[in-house]
Amino acid sequence: MIYADNAATTKISDVAFENMLPFLREEYGNASSQYSLGTKARRAIVRSRQQVAVAIGADPSEITFTSGGSEANSWVLRSIAEAYCSEAVHIITSSIEHHSVLNACHVLEQNGVEVTYLPVDSNGCVSVNDVKLAIKPTTKLVSIMFANNEIGTIQPIEEIGKLLNEKGILFHTDAVQTVGHIPIDVHGLQIDFLTASAHKFNGAKGTGILYKRSGLKLPPLVFGGEQEQGLRAGTENVAGIVALGCALEESVANITEMSEMLSDLVQITIKRLKEAIPEICINGEDTKRLPGILSVTFPYASGEAIMHLLDMKGICVSTSSACNSGKDTPSHVLLALGLTEQQAKSTIRISYGRYNTIDEAEKIIEAISSVYSKIVANI
Ligand SMILES: *Cc1c(COP(=O)(O)O)cnc(C)c1O
């Protein structure tokens, strides 16, 4: 099998797996227990929080563990409205966010919050000037993803952070595709809230983080005990948290060479696919993108057909994002770039990760060329 859907999820790294195992078997104590088995679990969580803090340039007290990216995104979006419930609230976001942000915004709108969904250009970039123009006296939060999960486009986060800091408006970024993949310094970028997810950087599924700049308040997500500074009660997922810290430390230690390796795979794929099928379009081609994500639109073939035929050859790619697949609706991200419904449905996403090789990329290119010519021959 060749797995090239790393934007959907990744294989857990050996280091993360080996480190989490003891906490599922021998060291299964509750981190709130006062005997030594509990202390071991508690120390493991402290260590992971430090690893995360170092990786993103934060202080450990600014990190809260969650069940993943969706939870952290929903938490921030909902809470802002709650925290300012006595006043009119306006939120600015983009039209290409993950559904955990967009759907939270839709619910907020039903509850009287005003939301502006900024457009993107044909490369999937939000314009800093558009953010500036959208700001109103009631704007409390801007939520713009760091990099997009379908096309890989990286947003001008530094400029947006600077602008919002000057205006005194809170800034949240969904960095689920970014953390562990490109270097991030949350303080330098003037980010107030940042979300990330372990299973997107070779950690385990079901664990994520919310970074919250020190001094900012957020109502608790879960009520109960004092875990996670009373913000998210419930017995901690110690093994998952350990895996998250290890996987992130490992990813950040190898970030430069990994990024070069992934860019090479993507560049080879683009070059060879264009030679084989000159009519293809690369979405977000003319802008800064994540090193491993590649979104390709074919002129005459359904993305779903390509995906299924590749699956039969043991190759995993996706049509758009994992949360969209299975539905017949075209990707909201691709439509926002200006693609037609037809074009959006003729698109596949290849997302390389640390375990992919040049040999695999070549097999993928070959398989796509062969599958595509079969589909075209039949229409
Ligand atoms: C995967 C993903 C999420 C959701 O993270 P989970 O941990 O799976 O809930 C949110 N945002 C982006 C950009 C993603 O790629």
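For the stretch 49-69, how many residues meet the condition of being within 15 Å of the ligand (Cβ to nearest atom) and under 13 Å from Ala198 (Cβ atoms)? Reasoning before the result, please.
First, pick out the residues of the stretch 49-69 that are within 15 Å of the ligand (Cβ to nearest atom): 52, 64-69.
Restricting the remaining residues to those that are under 13 Å from Ala198 (Cβ atoms) gives 52, 65-69.
Residues that pass the stated criteria total 6.
Of all residues in the stretch 1-16, which are within 11 Å of the ligand (Cβ to nearest atom) and not small (Gly, Ala, Ser)?
Of all residues in the stretch 1-16, those within 11 Å of the ligand (Cβ to nearest atom) come to 6-10.
Result: Asn6, Thr9, Thr10.
If we keep just the residues of the stretch 188-203 that are part of a strand (DSSP E or B) and of a type in the set (Gly, Ala, Ser), which is surrounded by the fewest Cβ atoms within 10 Å (Cβ to Cβ)? Even if it seems obvious, please write down each step before you answer.
First, pick out the residues of the stretch 188-203 that are part of a strand (DSSP E or B): 193-197.
Keeping just the survivors that are of a type in the set (Gly, Ala, Ser) gives 196-197.
Working: Ala196: 32, Ser197: 28.
Filtering the stretch 188-203 for residues that are part of a strand (DSSP E or B) and of a type in the set (Gly, Ala, Ser), the one surrounded by the fewest Cβ atoms within 10 Å (Cβ to Cβ) comes out as Ser197.
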Out of all the residues in the stretch 1-25, which are more than 30 Å from Ile348 (Cα to Cα) and free of Cβ contacts under 8 Å to residues at least 24 places away in the same chain? Glu18, Pro22, Arg25
Just the residues that are within 10 Å of the ligand (Cβ to nearest atom) and either aromatic (Phe, Trp, Tyr) or in a loop (DSSP other than H, G, I, E, B) (or both), please, taken from the stretch 204-223. Lys205, Gly206, Thr207
Would you please name the residue that is surrounded by the fewest Cβ atoms within 10 Å (Cβ to Cβ), looking only at residues in the stretch 239-280 that are closer than 20 Å to Gly124 by Cβ and touching a residue at least 40 places away in the same chain (Cβ under 8 Å)? Ser259
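Readers should treat all values here as calculations from the given coordinates under stated rules, not as data from a laboratory. None of these values were measured; they are calculated from a predicted model. Ideal geometry is used to build each Cβ from the backbone, glycine not excepted, and the neighbour counts take in all protein chains shown.
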